[in-house]
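Let me begin by presenting the structure, written as structure tokens, before commenting on it.
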Amino acid sequence: MKRIGMLTSGGDCQALNAAMRGVVKTLVHSKEDVEIYGFLDGYRGLIYGKFRMLTGADFSGILTKGGTILGTSRTPFKTIQDPDENGLNKVEAMKQTYHKLQLDCLVILGGNGTHKTANLLRQEGLNVVTLPKTIDNDLWGTDMTFGFQSAVNIATEAIDCIHTTAASHGRVFIVEVMGHKVGWLTLNAGMASGADIILLPEIPYDIDKVIDKIEERDRNGSRFTIIAVAEGAISKKDAKLSKKELKEKLKDRKYPSVSYEIAAKIQEKTGREVRVTVPGHMQRGGSPCPYDRVFASRLGSKAGELILKGDYGYMVGYRNREIVKVPLDEVAGKLKMVDPDSSIVKEAKLLGISFGD
Ligand code: F6P
């Protein structure tokens, strides 16, 4: 008999259900007796003992369903060791829930913050297996996270739609793509949709270089320009500030986001008409794309295999085209960022895409 606790934590994404289904199908198929405790709304469910007993039937028909059947929430790692508003020690509470239910392991699906807490629980002696979810694709230790390809599809379609209207009107258009810290999604959606300028957190931009590219296109007879901007894109000037200074500066920013600031600067310096589109949380919603359905199922199946073997303390990841187990210690607390010197960036530049650097 295996008693499994399962939870999804952090921002949701496509294929969370597909991944959980993969785990459960593998366990059920093995004929091992399993009890599944589905913790509600992420770590909160584990802290406050809120769960639903689930069976194989609960995971049937959810391969294509977006969101998470368990619900999710953000439980920031930086305050996980602080008592809650009633003085409850959250880490001890999670351990108590685990031991009270006599769980064999926790299956935790999440991104960066989630992995830090998962690793803490491992260090506290709990058996943990994790799965890498996020549209940002920024988890260390895996070449790919599930949700990413689905979000690339949505962001790409958004930019494709903008392309036609931008061309008709001869406008400069900015599409803001999700990703506060990393630019994988913007880079891939930008390249897939033929964006002319791509601005990423990892490659600080110079607004004059951005304008140079727009004017070069004008001179070459292209009446419009598409700029894909990551939420966390940053100017060269701001990149020189300390974290604290930048936080202070952003508090006083009169624009809702970096894209509007860039739009205002382009408008002011060139007199061109600039429009901003923000697809926002659409990028995390809807059905997983076929790639993510297969990928999440493979990850889930490997997690199921690890559970059956009692092989704990790993994230199931993807490296060099193989599904592999990666020690949680290696993953937690590190971000996988776009390397400005990577071949994909070089190739994009050869295509004529400007990064504003
Ligand atoms: O981590 C995924 C993500 O969608 C980021 O790309 C985005 O910056 C952030 O979450 C948005 O967070 P929230 O849903 O809490 O507004």
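Would you check which residues across the stretch 113-123 are open to solvent by 30 Å² or more (accessible area, probe 1.4 Å) and either within 22 Å of residue 24 (Cα to Cα) or within 16 Å of the ligand (Cβ to nearest atom) (or both) and list them?
Within the stretch 113-123, 113, 116, 122 qualify.
Under 7 Å by Cβ, and 6 or more places apart or on different chains, what pairs join a residue from the stretch 139-165 that is of a type in the set (Val, Ile, Thr) with one that is open to solvent by 70 Å² or more (accessible area, probe 1.4 Å)?
Within 7 Å, the pairs are 142/319; 154/282.
Name the single residue that is most open to solvent (accessible area, probe 1.4 Å) among those in the stretch 271-289 being out of contact with any helix residue (DSSP H, G or I) (no Cβ under 9 Å at 6 or more places or on another chain) and within 18 Å of residue 154 (Cα to Cα).
281
Look through 11, 22 and report the one residue that is under 21 Å from the mean Cα position of the chain (by Cα) and within 16 Å of the ligand (Cβ to nearest atom).
Residue meeting the stated conditions: 11.
Write out, first by first residue and then by second, each pair whose Cβ atoms fall under 7 Å of each other, whose residues are 6+ apart or on separate chains, and whose first residue, in the stretch 214-233, is in the same structural domain as residue 250 (by TED's automatic domain parsing) while the second is open to solvent by 30 Å² or more (accessible area, probe 1.4 Å) and within 16 Å of the ligand (Cβ to nearest atom).
Close Cβ pairs (under 7 Å, with a partner that is open to solvent by 30 Å² or more (accessible area, probe 1.4 Å) and within 16 Å of the ligand (Cβ to nearest atom)) amount to 231/180; 232/180; 232/181.
Could you count how many residues in the stretch 19-56 are at pLDDT below 95 and either aromatic (Phe, Trp, Tyr) or crowded, with 19+ Cβ neighbours inside 10 Å (or both)?
Qualifying residue count, the stretch 19-56: 0.
For residue 248, indicate whether it is buried (at least 17 other Cβ atoms within 10 Å of the Cβ), part of a helix (DSSP H, G or I) and of a type outside the set (Lys, Arg).
Against the criterion (buried (at least 17 other Cβ atoms within 10 Å of the Cβ), part of a helix (DSSP H, G or I) and of a type outside the set (Lys, Arg)), residue 248 does not qualify.
When residues of the stretch 325-341 are filtered for being without any contact (Cβ under 8 Å) to a residue 24 or more places away in the chain and surrounded by 14 or more Cβ atoms within 10 Å (Cβ to Cβ), how many remain?
Matching residues across the stretch 325-341 total 1.
Can you name the helices (runs of 4 or more DSSP H) wholly within the stretch 124-242 that have at least 3 residues being more than 16 Å from the ligand (Cβ to nearest atom) and open to solvent by 40 Å² or more (accessible area, probe 1.4 Å)?
Those helices (runs of 4 or more DSSP H) span 148-169, 207-219, 236-239.
In the stretch 57-94, which residue that is within 16 Å of the ligand (Cβ to nearest atom) and of a type outside the set (Gly, Ala, Ser) is surrounded by the most Cβ atoms within 10 Å (Cβ to Cβ)?
The residue in question is 72.
The values are calculated or read from the model by the stated rules, or taken from the named source; none is laboratory data. Quick caveat, the model's predicted, so the values are computed rather than measured. In this analysis, Cβ positions are derived from the backbone assuming ideal geometry, glycine residues included, and neighbour counts consider all displayed protein chains. Heads up: the accessible areas ignore ligands, DNA and RNA and are worked out on the full protein's heavy atoms, side chains in. Shrake-Rupley method; radii C 1.70, N 1.55, O 1.52, S 1.80 Å.
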